[in-house]
1. Assuming residue 66 fulfils every condition listed in (1) closer than 13 Å to residue 18 by Cβ; (2) touching a helix residue (DSSP H, G or I) at 6+ places or on another chain (Cβ under 9 Å) apart from one, which condition is it?
2. Does residue 11 fit the bill of being over 12 Å from the mean Cα position of the chain (by Cα), in contact (Cβ under 8 Å) with a residue 60 or more places away in the chain and outside any strand (DSSP E or B)?
3. What about residue 84, is it over 12 Å from the mean Cα position of the chain (by Cα), in a loop (DSSP other than H, G, I, E, B) and modelled with pLDDT of 90 or more?
4. Does at least one position in the range 92-102 carry a residue that is part of a strand (DSSP E or B), modelled with pLDDT of 90 or more and under 15 Å from the mean Cα position of the chain (by Cα)?
5. Report the residue count in the range 41-70 for those that are closer than 27 Å to residue 14 by Cβ and either touching a strand residue (DSSP E or B) at 6+ places or on another chain (Cβ under 9 Å) or assigned to a strand (DSSP E or B) (or both).
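The values are calculated or read from the model by the stated rules, or taken from the named source; none is laboratory data. Quantities reported herein were computed from a predicted structural model and do not represent experimental measurements. As a convention, Cβ positions derive from the backbone with ideal geometry for all residues, glycine included, and neighbour counts pool all protein chains shown.
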């Protein structure tokens, strides 16, 4: 489940990237889960990736995807579908000035 605080929604609407990264111990080892949202023009971008710590050197992600949506509601729902097994709380300052993804460098998937 993805929860976005009201202040995070305001920041997102101003074009700021809002996201979070969490660590989770699993049966396959420590996993790093990240999700971020950013409004770009009239679209809402959602980026999510999941990687097991032992596969970081080879950059072998279980999930690494950026999608475009027409509404924030749809973007959050899209993120929840991809990351349904994880609880993620998005709040202002969670990224501490860092970015999870660069919209200009990503291949953005769009529903046709």
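1. Failing condition for residue 66: (1).
2. Numbers: over 12 Å from the mean Cα position of the chain (by Cα): yes; in contact (Cβ under 8 Å) with a residue 60 or more places away in the chain: yes; outside any strand (DSSP E or B): yes.
Yes.
3. On the way: over 12 Å from the mean Cα position of the chain (by Cα): yes; in a loop (DSSP other than H, G, I, E, B): yes; modelled with pLDDT of 90 or more: no.
No, not satisfied.
4. First pass over the range 92-102, keeping only residues part of a strand (DSSP E or B): none.
No: zero hits.
5. So in the range 41-70, the residues closer than 27 Å to residue 14 by Cβ come out as 41-49, 64-70.
Pick out the ones that are also either touching a strand residue (DSSP E or B) at 6+ places or on another chain (Cβ under 9 Å) or assigned to a strand (DSSP E or B) (or both) and you get 43-49, 64-70.
Of the residues in the range 41-70, 14 are closer than 27 Å to residue 14 by Cβ and either touching a strand residue (DSSP E or B) at 6+ places or on another chain (Cβ under 9 Å) or assigned to a strand (DSSP E or B) (or both).
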